[in-house]
Amino acid sequence: EKVVSIEYVLTDDAGNVLDKSEADKPLVYLHGARNIVPGLERALYGKTVGEEAKVSVDPEQGYGKRVPGRSWQIARSTLPKEVTIARGMQLTASGPDNRKIPVWVTKVQGPTVTVDPNHPLAGMRLHFSLKVVAIRDATADEKAHGHAHGADGHAGH
């Protein structure tokens with residue numbers, strides 16, 4: 001298994017920038033461990049250091065199709081007071097069987113917060129412009145944990 005580092009810019013169909021790697025801080029992921037969307041991972045298979053690519057990923061190979069009617073409201077008072085809740089923020093909710101599921105804040109109105117388990121990019125075609133900047137063998141720890149670790153071990157996860 002390999003740990004791959006990429007620099008990227010992610011845009012939507014209209015060319016609006018949705019996300020990008022920071023200067024000198026590439027996205028680092030464990031290839032084959034589902035750390036990134038399937039369509040991007042598949043497109044990166046076999047790429048070499050220095051290689052550049054433009055990749056378009058349909059929703060089915062990205063963050064999935066948007067499922068309407070899945071949002072719900074929660075009381076702001078049930079969330080930690082010290083955290084500023086804002087639209088787009090990711091929270092963790094307890095789903096069926098107490099399984100933790102990610103949800104995103106879609107609206108904050110007075111004492112009510114609306115959350116949705118659809119990823120904000122669900123239903124969108126994603127366009128990546130990228131460059132592979134590094135590839136290395138994964139460590140035993142990384143393979144066991146299922147994700148890449150930073151330069152100083154497990155920090156940041």
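Before moving on, here are some points about what is shown:
- Check on Arg136, part of a loop (DSSP other than H, G, I, E, B) and among the charged types (D, E, K, R): no
- Scanning segment 52-73 for residues that are open to solvent by 40 Å² or more (accessible area, probe 1.4 Å) and in contact with a Leu (Cβ under 9 Å, 6 or more places away or on another chain) yields Glu52, Lys54, Ser56, Asp58, Gln61, Tyr63.
Conditions tested, residue by residue: (1) of a type outside the set (Lys, Arg); (2) modelled with pLDDT of 90 or more; (3) more than 24 Å from Gly15 (Cα to Cα).
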{"position": "Gly69", "(1), (2), (3)": "yes, no, yes"}
{"position": "Asn118", "(1), (2), (3)": "yes, yes, no"}
{"position": "Asp137", "(1), (2), (3)": "yes, yes, yes"}
{"position": "Ala155", "(1), (2), (3)": "yes, no, yes"}
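- Check on Ala93, surrounded by 12 or more Cβ atoms within 10 Å (Cβ to Cβ) and modelled with pLDDT under 90: yes
- Of the strands (runs of 3 or more DSSP E) lying entirely inside segment 18-106, the ones with 1 or more residues being under 25 Å from His149 (Cβ atoms), touching a residue at least 12 places away in the same chain (Cβ under 8 Å) and of a type outside the set (Lys, Arg) are found at 27-30, 90-94.
- Against the conditions (1) under 24 Å from Val9 (Cα atoms); (2) open to solvent by 60 Å² or more (accessible area, probe 1.4 Å), Pro80 satisfies every one except (1).
- Of all residues in segment 8-17, those being assigned to a strand (DSSP E or B) and open to solvent by 80 Å² or more (accessible area, probe 1.4 Å) number 1.
- Residue under evaluation Arg125, criteria (1) open to solvent by 30 Å² or more (accessible area, probe 1.4 Å); (2) at pLDDT below 95, criterion not met: (2)
- One residue from Arg87, Arg34 being open to solvent by 80 Å² or more (accessible area, probe 1.4 Å) and more than 14 Å from the chain's Cα centre (by Cα): Arg87
- Residues satisfying the stated conditions in segment 79-99, i.e. under 14 Å from Asp116 (Cβ atoms) and among the small types (Gly, Ala, Ser): Gly88, Ala93, Gly95
The values are calculated or read from the model by the stated rules, or taken from the named source; none is laboratory data. Note that this is a predicted model, so its numbers are computed, not measured. Here the Cβ is made from the backbone with ideal geometry for all residues, glycine too, and neighbour counts use every protein chain on show. For accessibility, only protein heavy atoms count, side chains too; no ligands or nucleic acids. Shrake-Rupley method; radii C 1.70, N 1.55, O 1.52, S 1.80 Å.
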